[in-house]
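The values are calculated or read from the model by the stated rules, or taken from the named source; none is laboratory data. Here the structure is a predicted model, which means the values were calculated and not measured. Here the Cβ positions follow ideal geometry from the backbone for every residue, glycine too, while neighbour counts run over all protein chains shown. Each accessible area value is taken on the protein alone, full model and side chains, heavy atoms only, with ligands, DNA and RNA left out. Shrake-Rupley method; radii C 1.70, N 1.55, O 1.52, S 1.80 Å.
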Amino acid sequence: MGLYGGANGQPTCGCYHEGRLWLSGALPNRVDGSQPNNPTSFVSTQADGTVDDACAISYTFNSSDSNPVYWMKPHAQGIICGTKNGEWVVAANTTGDPLTATNCMAHRVTKYGCADIEPVEAELTLVFVHKFQRRLLEMFADVFQQKFAAPNLNELTAHMTASGILEIARQSELAPIIWARRADGFLVGTTYRRISAFSTEKPLFNGWHKHSLGSGRGVTSICTAPTPDGNLEALAMVTQSPTTSDPNGVFHVEQMTNIFGETDLVYQAWFLDNAVVPTGGVDNGLGIILYGLHHLNGKLVTAWVGGVDCGDYTVANDQITVPYGSGPGGILTKAFLANLSSILTVPGSPYAVTIDTYPTGSPPTPVAVRGAITNLIWLS
C-alpha cells in the first residue's frame, strides 16, 4: 500500500514470470511480484497476517549500494534485473522450485552495469547496453559453470558507438540483426548470432555496419515490426529532418524493405530511404511525367525506373519529368517500358504505377516506378 504513486512515482519496468506480474523501478533495489495467476493483486499477507506461497512477493536486494532497476527479463535461472551497478538474478532458494514469498532470493551475478535502455533477447543471449552507452554486451550463463558473463560485442568496433547508444532493436529474419540508434541520429547494427553457450567462444558471427540515411534525416526511434504481408519482420523507424532544413520538424515513419533475395527481379528492388510511390504518370511523347509528389516540391530526387538510375530531378508543381533516353546507354525507352508492362501482369502490383499515354488516348500502361526524397531513388 502506498508504494506506487506520490513521491515514489510509478513502476518503470516489469515482466511476467511463473504466473506473476513483476514490477520495479519505483524504489531502488526493490522488486514486487503479484499473487500467482492473479496479476492485478499484490496482497503480500493472508488475512491473519501469515505469509504463504499464494501471497504476493516484495523483495529488496541485500546490497551496499542503492540503484533503481532499469529492466527485468525472465530467464531459466530466474529473473535478470539490470541496474547501473550490476546485474541481479531473482530466483528460488532451491534450483527448480517456483519463486514464492517464502522461497525467494536475489544475487548480483555480474557487475558490468547497464543503461536505462530496454535490452533485446536473442536465441541464447540477452543483449543490453552498458551503463556508459558505448558498449553492447551479450549476457548468458555458461553451459558448464552456469555462471553469467557478458562479453563486449563491439570490442573491435568501438568507433561505431562513440556518440552513445540510445535504443536497440532486433530482427531475426531474413538476417539476424541487432540495430542501434545513436545519439547523433545515425543508425548502426551488428549481424549477430551465437550458437554456443560456452563463455570462452566467440559468436558465430558479429559483423557491424553503419547506415547514414540518404535523405539526410536523423533516426529518433526504432523497433521491429511485421512486414506488410506478415510473413517476416523488419526494422521500423521514426525519422526527422534536421531543424535547419525542416523548421516544422516533420516526422516520418519508415519501414525497411526485405533483404533482396537471389531470385528477386531487378524491378522489385527498393534500395533507398524514405521512399514513396508516385500517384501516377503520363507519357507525353518525350518521356514520363510522374505526379502526386506535392510533399517533395523543391526537393532533389533520383528517378529509378525498371532497375535503372535515370538521373536527378527537382520536384516542381508536384511532379518530375523523366525524358526518354535517360539511364546508362539511354536505356529508358518506350520499348523498355513496354517490356516492364508485360512483366507486371498482376493488377494492383505494389511495384507498378499506371502511365497514361498522352495525347493519343491509348490504353494505360502499367510501369513499375517508385520514388523517394532528397537524393534517393525512384524505383521500379
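Using a ≥ b ≥ c from the Cα gyration tensor of the range 206-246 (square roots of the eigenvalues), is it rounded, prolate or oblate, where a/c under 1.5 gives rounded and otherwise the larger of a/b and b/c decides, a/b for prolate?
Verdict is oblate for the range 206-246.
Starting from the Cα gyration tensor of the range 1-80, take the square roots of the eigenvalues, sort them a ≥ b ≥ c, and report rounded, prolate or oblate (rounded when a/c is under 1.5, otherwise prolate if a/b is larger than b/c, else oblate).
The shape class here is oblate.
In square nanometres, what is one fourth of the surface area of the convex hull spanned by the alpha carbons of the chain?
Average of the hull's projected areas for the chain equals 24.9 nm².
Run lengths n ≥ 4 of DSSP H only: what is the helix-derived mean residue ellipticity at 222 nm for the chain, with -39500 (n - 2.57) per run over all residues, to the nearest 500?
Value at 222 nm, helices only, nearest 500: -1000 deg cm²/dmol.
Starting from 0.36 nm per residue, how many nanometres of slack lie between residue 186 and residue 64 once their C-alpha separation is accounted for? If you can, show how the numbers build up before the last one.
Working: separation 122, 0.36 × 122 = 43.92 nm, distance 3.83 nm.
This chain segment gains 40.1 nm when fully extended.
Under the rule a/c < 1.5 gives rounded, and otherwise a/b versus b/c splits prolate from oblate, where does the range 24-133 land using the Cα gyration tensor?
Cα axes put the range 24-133 in the prolate bin.
Angle between the Cα long axis of helix 334-343 and the longest principal axis of the chain, 0 to 90 degrees, nearest 10?
Taking Cα atoms only, the helix is inclined about 50 degrees.
May I ask you to give the percent of accessible area on the chain that is carbon plus sulfur, with a probe radius of 1.4 Å?
Of all accessible area on the chain, carbon and sulfur atoms account for 54 percent.
For the range 230-329, go through all pairs of different Cα atoms, get the mean of 1/r, take its inverse, and jot down that Kirkwood value in Å. Please list the in-between numbers first.
Numbers: mean 1/r = 0.0640 Å⁻¹.
Here the Kirkwood hydrodynamic radius works out to 15.6 Å.
Where the Cα atoms of the range 282-343 are projected onto their three principal axes, how long is each span, largest first, in whole Å?
Rounded to whole Å, the extents work out to 31, 21, 20 Å.
Starting from the Cα coordinates of the range 84-130, work out the convex hull volume and express it per residue in Å³.
On the way: hull volume 5.0 nm³, N = 47.
Cα-based convex hull of the range 84-130, divided per residue, equals 106 Å³.
With just the Cα atoms of the range 1-41, tell me how far they stretch along each of the three principal axes, in Å, largest first.
So the extents along the principal axes, rounded to whole Å, are 29, 17, 12.
I'd like the GluC sites (Glu not before Pro) in the range 171-242 restricted to DSSP loop residues with at most 15 other Cβ atoms within 10 Å, sorted by number.
Of the GluC sites (Glu not before Pro), the ones in loops of the range 171-242 whose Cβ has at most 15 other Cβ atoms within 10 Å are 173, 201.
In square angstrom, what is the accessible area per residue of the chain with a 1.4 angstrom probe?
49 Å²
Which whole-number percent is the relative contact order of the range 49-188 (Cα, under 8 Å, 6+ apart)?
Computed value for the range 49-188: 15 percent relative contact order.
Cα convex hull of the range 121-166: mean projected area in nm², to one decimal?
3.7 nm²
Just subtract the alpha-carbon distance of residue 335 and residue 54 from 0.36 nm times their residue separation and send over the number in nm, one decimal.
93.6 nm
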